[in-house]
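Some notes on the structure that comes next.
Derivation of every value follows stated rules applied to the coordinates shown; laboratory data play no part. Quick caveat: nothing in here was measured; it's all calculated off a predicted structure. Ideal geometry is used to build each Cβ from the backbone, glycine not excepted, and the neighbour counts take in all protein chains shown.
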Number of protein chains: 2
Amino acid sequence: MTGRLIVVGLGPGDANLTTPAVSKALAEATDLIGYITYLDRAPAGPPGQRRHATDNRVELDRARHALSLAAEGKDVVVVSGGDPGVFAMAAAVFEAVETGDVAWRALDIRIEPGVTAMLAAAAEVGAPLGGDFCAISLSDNLKSWATIERRLKAAAEGDFVIALYNPASRARPDQLGKALEHLRSFKAADTPVIFVRAAGTSDAKIRIQELGTVDVTSVDMRTLVLIGSSLTRKIERPGASPWIYTLRSERELS
Amino acid sequence: MTGRLIVVGLGPGDANLTTPAVSKALAEATDLIGYITYLDRAPAGPPGQRRHATDNRVELDRARHALSLAAEGKDVVVVSGGDPGVFAMAAAVFEAVETGDVAWRALDIRIEPGVTAMLAAAAEVGAPLGGDFCAISLSDNLKSWATIERRLKAAAEGDFVIALYNPASRARPDQLGKALEHLRSFKAADTPVIFVRAAGTSDAKIRIQELGTVDVTSVDMRTLVLIGSSLTRKIERPGASPWIYTLRSERELS
């Protein structure tokens, strides 16, 4: 087994947020595999580099294909957006290893981290992740809605800031509304809810609302939703969107 | 107010994990401010660039100093490790804005995200953050131990993967042991506990243990601790440390 497989995260969108380590892996690969939207963001590679574009729905098949190519001796890079370990391809690759050819365990498999969407979204509005926080994917393709509700409740009971990934899609238009309705049982009506679409790109769009009166229309898969803790605050400023941040301390401001 | 303040995260350690956007901000700044360990990681800037090294303990004073310099018209960069919005300087800057000179609200303040420690730590061992997860700082400088225990319990009840930042220091040698003891009330004894020291550097060191028999000696502030969920799995492999990942799905492996 001489092949190599690196799972990389391109970051949230702008090429300036892709780490040099990821750029180097992309430039050296013989084969790139990924969802076509991410492959299109990878710069042109060396002559002969092959690109295997796939549909977004088949993570496990894509992982097995990548492992097969690596087992043939190729230098394979699996391309994710954001960070590959956060609701992306890295876990699928290891699931394919565990359930696949035992020889795959001898492959050189590496993960190259990246800037995940919640960090870019937080940076667009200030520092809402300044305290302890949770990340929850609202997609119920892979887990039950009961699990999602249990996690939302636990996150509220712990007074965590909450980052919601995959908040809505055409197949699941109502889940974000249901999730926020569930959270209203546990959190104050004036809790800030921040929608950041296309964070970390020049098209970033921010909406800041409150949990009690939130409007979830126009939220899509490119949107990251941040829900404050009891210590999340808003700083109004002249002629611009307010800054949002979460106090590091439970003590009074001084 | 013509000055500018950018709060940047250098990433976990290796220069190849610092984003080009952060490198550009560092190269253009007139003034860098930060804890000396982080300033020492910033490459040499343009002639005349001033560096204001501070002690790690005085985040709010450092933030006020940075804002004062920006208000004088300087291009100031506040330097954090990892991501500046995760247990780092961004929240302190906004706290200083809210409690400081109202004119500071007109400053051009930006946050440049980075690869936070838990992403680099996860990448060292596989994909342990493959499911929903929480990040908790164990430092009780700014919050009560009761709050920390409440969050640990909530994270366990939600069956989140847990990332513990700031697990121990000379001033707080016993807190990690207390935190894991608390978690033993709620989580299975065979839950994987992963210690990654100096993640994202060539000195990275990994220890994989189980919650029931965990040994917390030799854990320090450069260590990131990851605690699995019920879906976190270990893949043994020949001649190397096992891979750890968290299943994306509650369904059986196929």
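Distances between copies of A:ARG184, taken at a point 7 Å out from Cα along the Cα→Cβ vector and listed shortest first: 4.4 nm.
Working note: Cα atoms of the protein assembly as shown, range along each principal axis, descending, whole Å: 63, 52, 50.
So what does log10 I(q)/I(0) come out to for region A:118-246 at q = 0.10, 0.14 Å⁻¹, using the Debye formula with one equal point on every Cα and no solvent? One equal scatterer on each Cα of region A:118-246 leads to -0.27, -0.55. Amide H contacts under 5 Å for A:GLU210: A:VAL193, restricted to partners 5 or more places along the chain or on a different chain, H placed in the peptide plane at 1.01 Å from N.
Backbone amide hydrogens, once placed in the peptide plane, bring B:ILE6 within less than 5 Å of B:VAL76, B:VAL77, B:VAL78, B:ARG110, excluding anything fewer than 5 places away on its chain.
Peptide B:156-169 is shielded by partner chain Cβ atoms: per residue, an average of 3 of them sit within 10 Å of its Cβ.
The three principal axes of the Cα atoms in region B:129-168 give end-to-end lengths of 30, 18, 12 Å, sorted in falling order.
Peptide A:80-87 is shielded by partner chain Cβ atoms: per residue, an average of 5 of them sit within 10 Å of its Cβ. Close amide H contacts of A:TYR165 (hydrogens built in the peptide plane, cut-off under 5 Å, sequence separation of 5 or more or a different chain): A:ILE136, A:SER137, A:LEU138. If you wrap the tightest convex hull around every Cα atom of chain A and split its volume per residue, you get 143 Å³. In loop segments of region A:2-80 as defined by DSSP, the GluC sites (Glu not before Pro) with at most 16 further C-beta atoms inside 10 Å of their C-beta are A:GLU72.
Lysine pair count for chain A (Cα-Cα distance under 20 Å; residues 8 or more apart in sequence or on different chains): 8. Three semi-axes describe the equivalent ellipsoid of region B:4-115; taken as square roots of 5 times the Cα gyration tensor eigenvalues and ordered largest first, they are 20, 15, 12 Å. Residue-normalised convex hull volume from the C-alpha trace of region A:37-178: 150 Å³ per residue. Region A:184-221 and region A:73-97 have Cα centres spaced 29 Å apart. For the segment A:29-40, counting C-beta atoms of other chains within 10 Å of every residue's C-beta and taking the mean gives 0.
Cβ-to-Cβ counts within 10 Å put B:THR54, B:THR217 in ascending order as B:THR217, B:THR54, the fewest first. For chain A, the 222 nm mean residue ellipticity estimated from helices alone, with every DSSP H stretch of n ≥ 4 adding -39500 (n - 2.57) and the total spread over all residues, rounds to -8000 deg cm²/dmol. Note on A:ARG57, A:ARG222: ascending count of other Cβ atoms within 10 Å places them as A:ARG57, A:ARG222, the fewest first. In angstrom, the C-alpha Rg and Dmax of region B:99-177 are 16.6, 47. Label-point distances for A:ALA27 to the equivalent site in the other copies, using a point 7 angstrom along Cα→C-beta, read 1.4 nm when ranked shortest first.
Annotation for B:ASP220, label-to-label distances across the other copies: 5.0 nm (shortest first, one decimal, point 7 Å from Cα along Cα→Cβ).
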